[in-house]
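Undergrad: Have a look at this one before I ask anything.
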Amino acid sequence: MTTTTSPNAAPDTPAPLADVTRDEASLRRFLHGLPGVDQVGVEQRAAALGTRSIKKDAKRWAIDTAISMVDLTTLEGADTRGKVRGLAAKALRPDPERQDCPRVAAVCVYPDMVEAAVDALKGSAVHVASVATGFPSGRTSREVKLADTRLAVEYGADEVDMVIDRGAFLEGRYMDVFDEIRAIKVASGEAHLKVILETGELATYDNVRRASWLALLAGGDFIKTSTGKVSPAATLPVTHVMLQAVHDWHEQTGELRGVKPAGGIRTAKDAIKYLVAVHEVAGEQWLTPDLFRFGASSLLNDLLLQRRTQVDGHYSGPDYVTVD
């Protein structure tokens, strides 16, 4: 990421927006003063960009790029250290028979599984991400959320995926949400913070835009669509709104922040649609794991199958890759 923050201090709001977070009234005025989202327009644009035809070398590049952006995830009550070690092995060598296959960006687990992931990924460039703050509901006290975050970082996570208090947001208590994100940012130390909006519960595109800006103002390094536990999870139109937010943030502040759609993205065809959106809405410089990620568990399997098809010239079938 291009933004840096002291591990023991809350991030400063960039100068052009410093007055926005002065108090509840200023924050509300700013968020409700953002341009409204044209629902028909954003859905039509997402549908149109989703029909772009990507072939041959461009498709191979897109598949490899998508693989490098995957946060390979297991967030189940039945997770074990053995399962996490297996996931880490897949993250390091997604296709063991293809040495040129890129590694994924990160492995994402619950805080109590972080140590197992760190140990399995030691010495590699694959990050360890941990969900925190009472994931997925976030329905617990701030003290517990902070403790959850500190535990993940203490165990070695270098990325933290937090959930916002959707209830507070929907009640219009924006400063409460802002203050909590800032507190989690401080508790995260040097770890990058991904702020999960749970867009399926926000009801409108206008709310998605407001929540995106709120998370950016509070210091989130990434804004993330979903926990993957609520339907709908990631959608192309919602991701368009969030990509536009980070683009506009960059225009106003000069800072680059990332976007992570998560949940429901299962095929290489779907992933490529998202990459087209990144290029067209945010810009080419966002086509990097530093600024765009896929939260996924099964997506990697189809990316690997389609990659083999591109390389070998024929469909290999699921028996040639591990299926999660």
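Undergrad: If each of Thr288 and Ala18 carries a label point 7 Å out from its Cα toward its Cβ, how far apart are those two points in nm?
TA: About 2.9 nm separates the two model spin labels.
Undergrad: For Arg28 paired with Val230, estimate the spin-label separation in nm (one decimal), with each label point 7 Å from Cα along the Cα-to-Cβ line.
TA: If labels sit at Arg28 and Val230, their model points lie 2.2 nm apart.
Undergrad: Turning to a different aspect of this structure: I need the chymotrypsin sites (Phe, Trp or Tyr not before Pro) found in region 218-320, filtered to DSSP loop residues with at most 12 other beta carbons within 10 Å of theirs.
TA: Tyr315
Undergrad: Here is a further query. Taking all protein chains as present, what is the carbon and sulfur share of the accessible area of the chain, in % to the nearest whole number, probe 1.4 Å?
TA: Of the solvent-accessible surface of the chain, carbon and sulfur hold 48 percent.
Undergrad: What is the angle, in °, between the Cα long axis of helix 81-92 and the longest principal axis of the Cα atoms in the chain? Nearest 10 is fine, range 0 to 90.
TA: The helix 81-92 is inclined about 80 degrees to the chain.
Undergrad: Per residue, how large is the accessible surface of region 49-103? Use a 1.4 angstrom probe and give square angstrom.
TA: Per-residue accessible area for region 49-103 comes out at 55 Å².
Undergrad: For Cα extents along the principal axes in Å, the listed values are (1) 50, 46, 39; (2) 57, 44, 36; (3) 60, 44, 32; which was obtained by calculation from the structure presented?
TA: (3)
Undergrad: Taking the Cα centroid of region 91-117 and of region 219-272, what is the distance between the two, rounded to the nearest whole Å?
TA: Cα centroid of region 91-117 versus Cα centroid of region 219-272: 21 Å apart.
Undergrad: Restricting to Cα pairs below 8 Å that are 6+ residues apart, what does the relative contact order work out to for the chain? Please round to a whole percent.
TA: 21 percent
Undergrad: While we're here: Note down the magnitude of the dipole of the chain about its Cα centre, charges +1 on Lys and Arg C-beta and -1 on Asp and Glu C-beta and zero elsewhere, to the nearest 20 debye.
TA: 700 debye
Undergrad: Going by the alpha-carbon gyration tensor, a ≥ b ≥ c the square roots of its eigenvalues, is region 163-311 rounded (a/c under 1.5) or, if a/c is not under 1.5, prolate (a/b greater than b/c) versus oblate?
TA: Prolate.
Undergrad: Right, here's the next one. Which entries in the list Lys59/Lys224; Lys83/Lys122; Lys90/Lys260 go over 23 Å, if you measure between the two C-alpha atoms of each?
TA: Flagged as over cut-off: Lys59/Lys224.
Undergrad: Please give me the summed charge of the neighbours of Ala245: other residues whose Cβ is under 11 Å from its Cβ, Lys and Arg +1, Asp and Glu -1.
TA: +1
Undergrad: Helix-only mean residue ellipticity at 222 nm, the chain, DSSP H runs n ≥ 4 weighted -39,500 (n - 2.57), per residue, nearest 500. What is it?
TA: Computed mean residue ellipticity for the chain: -13500 deg cm²/dmol.
Undergrad: For region 231-302, state which GluC sites (Glu not before Pro) are in a DSSP loop and have at most 14 other beta carbons lying within 10 Å of their beta carbon.
TA: Here the sparse-neighbourhood loop sites are Glu255.
Undergrad: So which trypsin sites (Lys or Arg not before Pro) in region 42-93 are both in a DSSP loop and have at most 14 other Cβ atoms within 10 Å of their Cβ?
TA: Passing both the DSSP loop test and the Cβ count: Arg52, Lys55.
Undergrad: Here's another thing I want to ask about it. Skip the ligands, DNA and RNA, and give the accessible area per residue of region 142-214 with a 1.4 Å probe, whole Å².
TA: On a per-residue basis, region 142-214 sits at 34 Å².
The values are calculated or read from the model by the stated rules, or taken from the named source; none is laboratory data. Everything numeric in this text was worked out from a predicted model, so none of it was measured. Glycine also receives a Cβ, built like all others from the backbone with ideal geometry; neighbour counts cover every protein chain displayed. Protein only, heavy atoms only, side chains kept; ligands, DNA and RNA dropped before computing areas. Shrake-Rupley method; radii C 1.70, N 1.55, O 1.52, S 1.80 Å.
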